[in-house]
Amino acid sequence: MSTVIPIRAETPGCTDVVPLVERGQREVFCGLTGIIWLHRKIQDAFFLVVGSRTCAHLIQSAAGVMIFAEPRFGTAIIDERDLAGLADVHEELDRVVGQLLARRPDIRLLFLVGSCPSEVIKLDLSRAAERQNQIHHPKVRVLNYSGSGIETTFTQGEDACLAAMVPGLPASTDTAPALMVVGTLADVVEDQMRSLFDRMGLQVSFFPPRNSQAMPVVGPNTRYLLAQPFLADTARALQSRGAQHLAAPFPLGVEGTTAWLQAAATEFGVAPEVFEQATAAPRQRAEKALAVQRQMLQGQRIFFFPDSQLEIPLARFVHRELGMDLVEVGTPYLHRQHMAAELALIPAGTRISEGQDVDLQLDRCIADAPDLVVCGLGLANPLEAQGITTKWAIELVFTPIQGYEQAADLAGLFSRPLKRRLKLAA
């Protein structure tokens, strides 16, 4: 018998990684950015930002929507009269909401979205939402959440929005397990996922839904898969309603999508041959498409700045399916439970950082001289000026990238900047 007693079992990949934790200046968008994809998803909802002219310009510019197009978002601007105390801000907000709902009778769900100006932080938007519900319910339901830039990353805007909706989800009275996919997916991706689950004989609900009048039910029989990695508060709220999380990698690339679908198939007892029959054709198409992209990306060194919380699943994808070498994988916040399956697939010894001190991280990046850097818009131009090729991280959130059919498109987001660099150098 061996006299050596192991202190702990050997774990795969980066499961037990100790990240480089930094708490300094950071460069990210604010949570209001989430409105860009949320307003397209929930098609009878309206997002009313309570903020400054800067908030209005950000949303208008990021969405790329003309004001006369009557989008499903707007900004109630805190102006000089409010700041000078010449007007009651609550009365002004009630007036704006009344005008909005009179002008847009198609609105069924109204979000009051807080921002980071100090005068807005002083406002109690939860009480404002309750007051508006007393006036406009049941025709319109009014909720509130914060899209403040004080949060750690812009994707937390979606997390806060979905978490605000969870208490109002109908309670499930069924006892048979039911599957829910949580996280905003583009409609085309949602249709593809629903089709795959249908072929496995599984019924699935998606949260958020396309229409606020079709909210999914939730209860102890609910088993949910996360489609996005930045939904910690939403997951916590669902678990408080009795729902159970199905642990899996996120559906990025062939490997991630297969493992994600397999987690549901295993939970619901889908036979292996049925799973294979449902997934074989799209999986093979995706593998064939990725082989083309791999020729360009194999051996390229990539550095991720923390931006969206997608970084660890993306790092797993580019390393294992495209052969890229990971220099540093930065994430705004490391949720070990949700990332456990992903960390196990990241090669041991990879430098993983949590949070940001942007000056120190820029120094490391320039010293490492990677072939490609994934970063926010504010860092891209300075790095390009240093001769380093960049990819805007926000494109990876705005673009449909989940599932088999989008695997090659996702790989293309990494290869295009390198192709552009080669053309400029030619």
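No lab work stands behind these numbers, since they all come straight from the coordinates. All of these numbers come straight from a predicted model, not from anything done at the bench. Ideal geometry is used to build each Cβ from the backbone, glycine not excepted, and the neighbour counts take in all protein chains shown.
At-a-glance table
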item	result
Segment 131-145-segment 153-230 distance, computed between alpha-carbon centres (Å)	23 Å
Among Asn133, Phe268, Leu383 - extreme Cα towards positive end, dipole of the chain, charges at beta-carbon	Phe268
Thr399 versus Asp363: modelled label distance in nm, points set 7 Å from Cα along the beta carbon direction	3.3 nm
Length gained when the stretch Asp79-Glu384 is fully extended (0.36 nm per residue, less Cα-Cα span)	106.0 nm
Burial order of peptide ranges 375-381, 253-259 (average beta-carbon count within 10 Å, highest first)	253-259, 375-381
Tensor-based shape of segment 293-366 (alpha-carbon gyration tensor, a/c under 1.5 rounded, otherwise prolate or oblate)	oblate
The chain: Lys pairs at Cα distance under 25 angstrom, eight or more positions apart or on different chains	5
Neighbourhood charge, 12 Å Cβ-Cβ cut-off, centred on Arg131 and excluding it, Lys, Arg +1 and Asp, Glu -1	-3
The chain: most fluctuating residue of Val113, Val17, Val218 per GNM, C-alpha cutoff 10 Å	Val17
Charge dipole magnitude, Cβ of K and R +1, D and E -1 - the chain, Cα centre, debye nearest 20	700 debye
Choice from Ile302, Ile77, Ile346 with maximal GNM fluctuation in the chain (Cα, 10 Å cutoff)	Ile77
Computed over the chain: relative contact order in percent, which uses C-alpha pairs under 8 Å that are six or more apart	18 percent
Separation in nanometres of the label points that stand 7 Å from Cα toward Cβ, at Ala281 and Arg103	4.8 nm
Lys, Arg +1 and Asp, Glu -1 on Cβ, resulting dipole of segment 128-268 about Cα centre, debye, nearest 20	380 debye
Fully extended contour minus Cα-Cα distance, from Thr173 to Ile121, at 0.36 nm per residue	14.8 nm
Whether segment 278-322 is rounded, prolate or oblate, judged on the alpha carbon gyration tensor where a/c under 1.5 counts as rounded	oblate
Spin-label model distance (nm) - Asp16 vs Ser195, 7 Å beyond Cα toward Cβ	4.5 nm
Pairwise FRET efficiency - Asp325 versus Arg223, Cβ, R0 = 45 Å, nearest 0.05	0.80
Under 5 Å, built H, 5+ apart or other chain: amide partners of Thr389	Val373
Set of segment 19-48 residues, backbone N closer than 15 Å to the point 7 Å along the Cα-Cβ line of Ala214	41-45
Prolate/oblate/rounded label for segment 225-351 (Cα gyration tensor, a/c 1.5)	oblate
